[in-house]
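Heads up: the structure comes next, in structure tokens.
The values are calculated or read from the model by the stated rules, or taken from the named source; none is laboratory data. No experiment lies behind these values; they were computed from the predicted model shown. Positions of Cβ are backbone-derived with ideal geometry, glycine not excepted, and every protein chain shown enters the neighbour counts.
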């Protein structure tokens, strides 16, 4: 996308804005993202311009507008579905490293409790997309065993982010925040919890602490099946999905890192 095209999009959003600079961001692999800095009178503002290559995430955008009001994520400020572009307030900060925070679990519990019913994510269907690849076949037995166990466990339904890789968790002096809700929809909340385990490389004792900490932020009336075994089954399927996804995009450093984590888990 050229600077002229970006200026045209922002003119449609707010013709009073003066574009100061734009910068292509290379952190996103599914979409084209640009950091756009603008001036309105004496006020400076930074925006994220997101150009969707695949589906238009109507569910994610609707949810993100609600979550922004709760301080969970940046606010979407303008959308153009016809051209598949959206503008968000830009969230300054760094990709999450080290430990998750109590605040992050509070936000995640609030997200999971969001009152929006959608078609649930079908994990088997997501995995089937990669079933003919060599990588998937390498882990086929482990995936099959994990899915069989998941079918037995009680289901903890919630509205989930479904892409909680650490690149989608931003840290700044104000706290930890979530971004990129393209895949948000109903799912078992253990899918998001397993993503945190993978993103923060949690060990056995840390997994139990994660479940206990998360449960403390749920309403007293909400049932939650607290199980490390269930968590590890979801960890297997999440890791295989991520490994196959990154491999399809030739991001080999991610594939190597995640395979090391998966091999350690299943062995």
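Can you list the strands (runs of 3 or more DSSP E) found entirely within the stretch 1-110 that contain at least 1 residues being over 23 Å from residue 167 (Cα atoms)? Even if it seems obvious, please write down each step before you answer.
Values: elements: 18-25, 31-40, 43-52, 76-80, 85-89.
Because the criterion is at least 1 residues that are over 23 Å from residue 167 (Cα atoms), the strands (runs of 3 or more DSSP E) in the stretch 1-110 that meet it are 18-25, 31-40, 43-52, 76-80.
When the stretch 253-267 is examined, which residues are found to be touching a residue at least 24 places away in the same chain (Cβ under 8 Å) and not in a helix (DSSP H, G or I)?
Residues satisfying the conditions do not exist here.
All but one of (1) in the same structural domain as residue 174 (by TED's automatic domain parsing); (2) over 23 Å from residue 237 (Cβ atoms); (3) touching a strand residue (DSSP E or B) at 6+ places or on another chain (Cβ under 6 Å) hold for residue 104; state the number of the condition that does not hold.
Failed condition: (2).
Could you list all residues from the stretch 222-252 that are part of a loop (DSSP other than H, G, I, E, B) and under 15 Å from residue 157 (Cβ atoms)?
Residues satisfying the conditions are 222, 223, 224, 225.
For the stretch 197-215, check the following and say yes or no: at least one residue is within 13 Å of the chain's Cα centre (by Cα) and outside the structural domain of residue 58 (by TED's automatic domain parsing).
yes
Any chance the stretch 202-214 includes a residue that's part of a loop (DSSP other than H, G, I, E, B), touching a strand residue (DSSP E or B) at 6+ places or on another chain (Cβ under 9 Å) and surrounded by 18 or more Cβ atoms within 10 Å (Cβ to Cβ)?
No: zero hits.
Kindly list, by first and then second residue, each pair from a residue in the stretch 1-22 that is under 18 Å from residue 81 (Cβ atoms) to a residue that is in a helix (DSSP H, G or I) and at pLDDT 95 or above, limited to pairs with Cβ atoms under 9 Å and residues at least 6 apart or on different chains.
Close Cβ pairs (under 9 Å, with a partner that is in a helix (DSSP H, G or I) and at pLDDT 95 or above) amount to 1/9.
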